[in-house]
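Asks: Following this message is one structure expressed as structure tokens.
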Amino acid sequence: MMKTILIAAATILQAYLLGSVDAGILISKFVYHDDVRKHGSGAAGMTNMLRTFGKKAAAMTAAVDVLKGVAAVCIGRWMFHLLPADAGVSPYLGVYLAAIFAVLGHLYPLYFGFKGGKGVLVAGGAILAIQPILIPFLFLIFLACLLPTGMVSLGSITMAALYPVLTLIYSYYRGLAAGDMAVCFVGALIMSILVIYMHRSNIKRIREGKEYRFGKKHQK
């Protein structure tokens with residue numbers, strides 16, 4: 001039991017610290033000598049980097065955000081593999097603990113005053129490491145929202161909302177045990193809630209018809 005607790009704690013810690021390495025803030029500070037959080041939406045994610053500093057900044061931010069989600073999950077998976085086979089712990093607990101706390105680290109980075117991005121790409125990297133088969137479906141959902149509306153936020157929110165549903169369907173299709181299925185669904189649901197919560201201001205602007213749309217002037 002003590003070994004399980006220690007490994008779970010180590011998984012949470014490494015994921016949070018990795019998540020706290022905020023690429024948007026670092027790139028804007030050291031490459032552009034500015035703070036992206038002072039512009040646009042105030043977030044330190046890819047979309048605000050694109051609007052503020054351009055495509056190169058957005059690409060660098062996206063790459064780092066995805067990679068830290070992948071790395072956190074891979075480390076968490078490795079740590080939980082150190083547990084004995086009779087530990088009675090779902091093999092999916094480690095990867096979802098890592099995924100959730102990597103996202104939390106990105107949202108509330110320890111190194112940057114607990115003000116970071118919105119977690120979409122970090123969550124995407126985590127999903128890539130946990131369930132890569134779901135990525136094409138999530139991408140299609142994103143495009144189905146983005147192309148007719150021009151709103152990245154709407155695509156992100158819809159992806160987040162449907163991710164737990166896709167996880168449940170995929171878990172059932174794979175024939176996972178009830179306990180493992182529950183861990184996967186609850187883990188996916190927590191990730192979904194975190195991302196949607198961080199988009200609450202976007203949801204308000206969407207309802208008011210004021211959300212930013214690519215290719216159109218922002219309505220103040």
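Asks: For residues that are open to solvent by 90 Å² or more (accessible area, probe 1.4 Å) and acidic (Asp, Glu), tally how many sit in the stretch 197-213.
Replies: Number satisfying all stated conditions: 1.
Asks: In addition: Of all the residues that make up the stretch 1-60, how many are without any contact (Cβ under 8 Å) to a residue 40 or more places away in the chain, farther than 13 Å from PHE112 by Cβ, buried (at least 17 other Cβ atoms within 10 Å of the Cβ) and hydrophobic (A, V, I, L, M, F, W, C)?
Replies: Adding up the residues that qualify gives 6.
Asks: While we're looking at this one, here's another question. Among the residues in the stretch 196-215, are any farther than 23 Å from THR61 by Cβ, charged (D, E, K, R) and in a loop (DSSP other than H, G, I, E, B)?
Replies: yes
Asks: Would it be correct to say that LEU146 is open to solvent by 10 Å² or more (accessible area, probe 1.4 Å) and under 17 Å from the mean Cα position of the chain (by Cα)?
Replies: So LEU146 fails the test.
Asks: Another question about this same structure. Any residue that is surrounded by fewer than 16 Cβ atoms within 10 Å (Cβ to Cβ) and closer than 29 Å to HIS39 by Cβ - is there at least one of those in the stretch 154-163?
Replies: yes
Here's the yes/no breakdown for (1) more than 15 Å from ILE196 (Cα to Cα); (2) touching a residue at least 12 places away in the same chain (Cβ under 8 Å); (3) among the basic types (Lys, Arg); (4) in a helix (DSSP H, G or I):
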{"residue": "ILE127", "(1), (2), (3), (4)": "yes, yes, no, yes"}
{"residue": "PHE137", "(1), (2), (3), (4)": "yes, yes, no, yes"}
{"residue": "LEU140", "(1), (2), (3), (4)": "yes, no, no, yes"}
{"residue": "SER156", "(1), (2), (3), (4)": "no, yes, no, yes"}
{"residue": "ALA161", "(1), (2), (3), (4)": "no, yes, no, yes"}
{"residue": "SER171", "(1), (2), (3), (4)": "yes, yes, no, yes"}
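Asks: Okay, next question. Give the residues of the stretch 67-91 that are open to solvent by less than 40 Å² (accessible area, probe 1.4 Å) and either within 17 Å of the chain's Cα centre (by Cα) or hydroxyl-bearing (Ser, Thr, Tyr) (or both), sorted by residue number.
Replies: LYS68, GLY69, VAL70, ALA71, ALA72, VAL73, GLY76, SER90 - these are the residues of the stretch 67-91 that are open to solvent by less than 40 Å² (accessible area, probe 1.4 Å) and either within 17 Å of the chain's Cα centre (by Cα) or hydroxyl-bearing (Ser, Thr, Tyr) (or both).
Asks: Still on this structure, I have one more. From the list LEU97, LEU83, LEU110, LEU50, pick out the single residue that is in contact with a Ser or Thr (Cβ under 8 Å, 6 or more places away or on another chain) and at pLDDT below 90.
Replies: Testing whether each residue is in contact with a Ser or Thr (Cβ under 8 Å, 6 or more places away or on another chain) and at pLDDT below 90 leaves just LEU83.
The values are calculated or read from the model by the stated rules, or taken from the named source; none is laboratory data. This one's a predicted model, so the numbers in the text were calculated from it and none came from an experiment. Counting neighbours? That spans all protein chains shown, and the Cβs are built from the backbone with ideal geometry, glycine included. When the accessible area is computed, the model is the full protein with side chains, heavy atoms only, and any ligands, DNA or RNA have been set aside. Shrake-Rupley method; radii C 1.70, N 1.55, O 1.52, S 1.80 Å.
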